[in-house]
């Protein structure tokens, strides 16, 4: 970068007139570093580019600084950039948003954060079997095996969250075609189609529910129904006048029990979702596609997965 832009130079002139020489030097080098980064990212640096920068651009820059830098240094650079934004907004007569320093870095992902294919094979093999269950457990399991395996499939093969599974309604499912729709709480929608075997599992689960307790097709009735182990039947919600929706805690408990029954280490729904995110990265899918599919907020959500992937090489 040969020279600073007019606005940056004007900002530094203001700093020189109001701050000590030592403070000015910090501002100068930090702004020069930021301007160089913008020029590299955008291919140029001028007044239009500076005024078009979004908070995410500043956050991306600070995220890169935070990798390997002290918290004090990151806070200082954040403070200087906020002073710059305040000055730019005053000069150009537009409203600016304050930026925050990056959140404390999350711990690196390890093998323990992912469920392996062998672990999933062992889990599903165990879930298909009845010999390691008591007579009462086996009786209940005949009614739950299709529901629970379908839930595990949605977690592992499709990377859904437990909450997304709990929130699914009958209107989100085409049982004939196997089409499914997930409407996330942020408003985004994910659509996918089950394999023929998975669709059969869905139909079998639906038929496992007695007709008087069965959710109505194409309705707002929940897809996945809670189960009463005491009564050995699916539950009815008398307040809502519909089958009772399965709860988040019930799914987590089911996974914990089935993993232990299969002789596995403690695994959870997050391990399954993590494995699917990693699989998408290994398949060289674009970041924007992965973020959209999994309903993730921004590119930073993938950093830990990419670092883990690099560590495997």
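The values are calculated or read from the model by the stated rules, or taken from the named source; none is laboratory data. In this text, all values refer to a predicted model and were calculated from it rather than measured experimentally. Here Cβ is always computed from backbone atoms with ideal geometry, including for glycine, and neighbour counts include all displayed protein chains.
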Flag for residue 23 being within 13 Å of residue 83 (Cβ to Cβ), loosely packed, with under 13 Cβ neighbours inside 10 Å and in the same structural domain as residue 80 (by the TED database): no
Can you name the residue in the range 83-93 that is surrounded by 13 or more Cβ atoms within 10 Å (Cβ to Cβ) and touching a helix residue (DSSP H, G or I) at 6+ places or on another chain (Cβ under 9 Å) and is also modelled with the lowest pLDDT among such residues? 91
Take the residues of the range 181-193 that are without any contact (Cβ under 8 Å) to a residue 24 or more places away in the chain and surrounded by 15 or more Cβ atoms within 10 Å (Cβ to Cβ): which is nearest to residue 277 (Cα to Cα)? 182
Contact list, first residue from the range 1-30 and more than 22 Å from residue 53 (Cα to Cα), second anywhere and buried (at least 16 other Cβ atoms within 10 Å of the Cβ), beta-carbon distance below 6 Å, six or more apart or interchain, is 16/24; 24/15
Residue that is farthest from residue 159 (Cα to Cα) [pool: residues in the range 297-308 that are surrounded by fewer than 15 Cβ atoms within 10 Å (Cβ to Cβ) and under 10 Å from the mean Cα position of the chain (by Cα)]: 298
Here's a check for you: in the range 235-251, which residue that is touching a helix residue (DSSP H, G or I) at 6+ places or on another chain (Cβ under 7 Å) and in a helix (DSSP H, G or I) is surrounded by the most Cβ atoms within 10 Å (Cβ to Cβ)? 251
When residue 292 is evaluated against the numbered criteria (1) in a helix (DSSP H, G or I); (2) free of Cβ contacts under 8 Å to residues at least 40 places away in the same chain; (3) exposed (fewer than 14 other Cβ atoms within 10 Å of the Cβ), which criterion, by number, is the only one it fails? (2)
